[in-house]
Every structure is written in structure tokens, then in C-alpha cells.
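Read through the structure below, which is laid out as C-alpha cells, and then see the notes.
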Amino acid sequence: MCEKGANRVIDKTAIIDPSAVIGEGVNIGPWSYIGADVEIGAGTQIGSHVVIKGPTKIGRNNQIYQYSSVGEAPQDMKFSGEKSQLIMGDNNIVREFCTIHRGTKVGGGITRIGHNNLFMNYVHIAHDCIIGDNNTFANNAALSGHVIVKNYVGLAGFAGVHQFVMIGDHAYIAHTSSVLQDVLPYLLVCGDPARPKGLNSVGLKRRGFNTDQTMAIKRAYKIIFRQGLTVPQAIEQLEAMLEEFPVIQPMIEGLRNSERGIARERQVLEEILDTL
């Protein structure tokens, strides 16, 4: 083990690879395994029976609970052992039995997790996912490969996200939803497949959005989902509002940058198809 700092508490049954870098104040519980090319930042707490494999870099003051597997090889048939890594920021909580996998060459080689996220029991984060800050994933929520989750997103229990999907800031994915297309910022989606059901009003209130901002987001929602517009038509109308209501900028970006298409209400989809 490569020593870095002091005040560590490492159980005598833990197995630490000599190349691992363990920061000051790190605790590692019984029977945990820390593999080669792993770096664990100061103040991070590792429970019992945790497996962390590298290359993996974990930031400061994270909590990783028992039986979690962090930095394991990706579940991708194209992966052939090439070097890839997991990078995790600070102040994340990884509860029991979570699985977080490294990236692949095809996906850029990195799975990246930001700061202040909560991953509850049995959450799975697949290869090449990019996760921002302040997100909450409830029990058994799962991301396929190459998923992007922005900031302040909530995934309820047993929600599943298809590969290459992007979920925008402040969105909420309801219980057991199956997300097959991109989810715009601020939305509440549910169902199989997941469809928009309005705004994530509770989340917006908790985040301090004022009445004017919320009303602007509602107007944008109606333009996108209630007027039967194509995406270019919706963007044109939203851009006309942007100077007065900059809060809708993330919605415009989400529409413009979507590669899988956005999750839309079935009635609106049928109306658009009827015009083609």
C-alpha cells in the first residue's frame, strides 16, 4: 500500500494492493478489497466486504457501504481488457450492494460521477455513464451504458434508463419507469415507456425556483408538449421567450442536443405523425 497521510483505520482483514493510494482519515472495514491503481481521497469511509478495483479515483469524504462493487470491469461484450477508469468526486453516498463499472474504449474510457450524490441500495451504474452533482437514485434504479444524468435529478425505485439517454437538470423519473428517450430538464416522467406528466414541481420548489421562473417553465412545457409542434418549431418559439425567461435555456439545449429524441406524450406523437 502506498501511504498518503495519516489517521487511517484499516481493518487487519482488509486486502490493500501495494499500488493503492489511501488518503488521510480513510477508514476501511473488515474483508474489503482495494485493488491496483486505486486512489481514495481523504476522509472517505469504506465499509466491510467492499470491492474497489482500478483504475479508479475516489474523491474526499465519500461513504461506501458494505457489499458494494466499485470500479469493476464493464459488462460490455466489446470490452477486451483495455485500460479504462472510474472517477468519483466528493461527498457521495454509495449504499449497500451498489455496482459502479469503469468505462470502455468506445465510450471514451471513463465512467464519471460528480459530487454530493446519493445512490441507495442495489443501484447500478453501467460503463461510460456521466453523472453530475446532487442527484438521488432510489433503491434498484439502474443506468445502462453511456447514460448522462445532469444535476439535481431524482430516480425513484426500480427506474431503468436505456443506453445513450440523457436526463436533464431537475428532472424526476417516477417509480418503475422505463426511460427510452432523453428527458428534458424540469420534467416529471413515468410509465413504460416513460412519458412526460408535467413538471417536477416538488423538486423545483425545493431548489428555490420562484413563481415567475416556474410559470415560464410551464409555458415552455406547453409549447413543447401540447401544441403538436415539431422540435424545430418548438425551439423557434422558445428562443423568442429566451431573453425574458433565461430559465428555459436548458430546455432549448436539451431539444437541440438530443440524439435519441425526447420522451413525449403519446397523444402529441400521434398528432405529429398524422401531419407527416
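Structure above, values below:
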{"item": "For the stretch 196-269, alpha-carbon Rg and Dmax in angstrom", "result": "12.2, 32"}
{"item": "Protection-proxy order for peptides 140-152, 238-250, each taking the mean of Cβ atoms within 10 Å per residue, highest first", "result": "140-152, 238-250"}
{"item": "Positive dipole terminus of the stretch 206-275, leading residue within Gly208, Ile252, Ala220 (C-beta point charges)", "result": "Gly208"}
{"item": "Distance histogram for the chain (every C-alpha pair counted, 10 angstrom bins, percent rounded to whole numbers)", "result": "7, 28, 29, 20, 11, 4, 1"}
{"item": "Whole-Å distance, taken between Cα centres, linking the stretch 206-244 and the stretch 53-86", "result": "39 Å"}
{"item": "The chain, dipole about Cα centre (Lys/Arg Cβ +1, Asp/Glu Cβ -1), debye to the nearest 20", "result": "400 debye"}
{"item": "Over 19 Å (Cα to Cα) - which of Lys57/Lys78; Lys53/Lys105; Lys83/Lys105 fall in this group", "result": "Lys57/Lys78"}
{"item": "Positive-end extreme of charge dipole, the chain - chosen from Pro30, Gly71, Ser19 (charges on Cβ)", "result": "Pro30"}
{"item": "For the chain, calculated [θ]222 nm from helices alone, where every DSSP H run of n ≥ 4 adds -39500 (n - 2.57)", "result": "-5500 deg cm²/dmol"}
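We did not get these values from a lab; they are worked out from the coordinates using the rules stated. Bear in mind that the values here come from a model prediction, so they are computed numbers and not experimental data. Note that we place each Cβ from the backbone using ideal geometry, even for glycine, and neighbour counts take in every protein chain shown.
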